Amino acid sequence: ELMEKLKEINPKCMMAFTNLSLFHMKRGEIEVAEKYKSDATLLNFQLLGDEAQRKRQAEELEQKRLQERDRREGMFRQVLEIDAEDAMANNGLGEIEFERTHFSLAEEFFQKAITGNTKYSVAYLGLGKSLYQQSKMQEAKEILSKGIEVASKNGDLMPANEMQTLLLKLN
């Protein structure tokens, strides 16, 4: 009765079918036991198929994300060919390199973004995170403090809050 209830509660519980098969086998009810065993096997195949489909979908999603990142990188590089000081393009490349965990390269791009526009608060955030990842704690504190000041003057609440949170970690 308990396994029947479990099967009703969760129809994808393979153990319920397996245990029901064993139970009926011990009672000598071979046909019923074989039916539950067959159901358990089919459920196992279904679960494996579902897992394979989830993996495929995750791989496709990751592939699209990487393609989008490559597309954005190409656009940023084209902009920098025209204007090497463009803050948004430098910041964008900094974010891409940060995502790739190339923190020192990301640091360079964020620094160029700040040089191109000293009021670009998102670049201070990226630079602070890059410095933090490289264990350059004192530099990170200084940049984040400056970035919070810039973001506050600009009214950029999200970068200011994120920089404040990171700064608290450093103290």
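The values are calculated or read from the model by the stated rules, or taken from the named source; none is laboratory data. No experiment lies behind these values; they were computed from the predicted model shown. Virtual Cβ from ideal backbone geometry, glycine too; neighbours counted across all protein chains shown. Only protein heavy atoms, including side chains, enter the accessible area calculation; ligands, DNA and RNA are left aside. Shrake-Rupley method; radii C 1.70, N 1.55, O 1.52, S 1.80 Å.
Each row is one residue, and each column tells you yes or no for (1) touching a helix residue (DSSP H, G or I) at 6+ places or on another chain (Cβ under 7 Å); (2) surrounded by fewer than 20 Cβ atoms within 10 Å (Cβ to Cβ).
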| residue | (1), (2) |
| --- | --- |
| 105 | yes, yes |
| 115 | no, yes |
| 124 | yes, no |
| 163 | yes, no |
| 171 | no, yes |
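If the requirement is being loosely packed, with under 11 Cβ neighbours inside 10 Å and either in contact with a strand residue (DSSP E or B) (Cβ under 8 Å, 6 or more places away or on another chain) or among the charged types (D, E, K, R) (or both), which of these qualifies: 59, 29? Spell out how you get there, then give the answer.
Details: 29 fails: loosely packed, with under 11 Cβ neighbours inside 10 Å.
Of 59, 29, the one residue that is loosely packed, with under 11 Cβ neighbours inside 10 Å and either in contact with a strand residue (DSSP E or B) (Cβ under 8 Å, 6 or more places away or on another chain) or among the charged types (D, E, K, R) (or both) is 59.
Listed here are the residues, each with its yes/no results for (1) touching a Gly at 6+ places or on another chain (Cβ under 9 Å); (2) small (Gly, Ala, Ser).
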residue	(1), (2)
28	no, yes
36	no, no
42	no, no
57	no, no
69	no, no
105	yes, no
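Which numbered condition in (1) assigned to a helix (DSSP H, G or I); (2) among the aliphatic types (A, V, I, L, M); (3) open to solvent by 50 Å² or more (accessible area, probe 1.4 Å) is the only one that residue 84 fails?
Going through the list (1) assigned to a helix (DSSP H, G or I); (2) among the aliphatic types (A, V, I, L, M); (3) open to solvent by 50 Å² or more (accessible area, probe 1.4 Å), residue 84 breaks only (1).
Looking at segment 154-166, can you tell me whether even one residue there is of a type in the set (S, T, N, Q), touching a Ser or Thr at 6+ places or on another chain (Cβ under 8 Å) and within 26 Å of residue 66 (Cβ to Cβ)?
Of the residues in segment 154-166, the ones of a type in the set (S, T, N, Q) are 154, 161, 164-165.
Still in the list and also touching a Ser or Thr at 6+ places or on another chain (Cβ under 8 Å): 154.
So of that shortlist, the ones also within 26 Å of residue 66 (Cβ to Cβ) come out as none.
No: segment 154-166 contains no residue that is of a type in the set (S, T, N, Q), touching a Ser or Thr at 6+ places or on another chain (Cβ under 8 Å) and within 26 Å of residue 66 (Cβ to Cβ).
Condition first: open to solvent by less than 60 Å² (accessible area, probe 1.4 Å), in contact with a His (Cβ under 7 Å, 6 or more places away or on another chain) and of a type outside the set (Ser, Thr, Tyr). Can you find one or more residues in segment 33-40 that meet it? Write out each step before concluding.
Our first condition is that a residue be open to solvent by less than 60 Å² (accessible area, probe 1.4 Å); within segment 33-40, this holds for 33, 36, 38-40.
When the remaining residues are screened for being in contact with a His (Cβ under 7 Å, 6 or more places away or on another chain), the result is 33, 36.
Filter once more, so that each one left must be of a type outside the set (Ser, Thr, Tyr): 33.
Checked against the condition, which is being open to solvent by less than 60 Å² (accessible area, probe 1.4 Å), in contact with a His (Cβ under 7 Å, 6 or more places away or on another chain) and of a type outside the set (Ser, Thr, Tyr), segment 33-40 yields at least one hit.
Kindly list, by first and then second residue, each pair from a residue in segment 1-29 that is within 21 Å of residue 48 (Cα to Cα) to a residue that is of a type in the set (Gly, Ala, Ser), limited to pairs with Cβ atoms under 7 Å and residues at least 6 apart or on different chains.
Pairs that qualify, where the first residue is within 21 Å of residue 48 (Cα to Cα) and the partner is of a type in the set (Gly, Ala, Ser), are 6/16; 7/16; 14/40; 17/40; 18/40; 21/33; 21/40.
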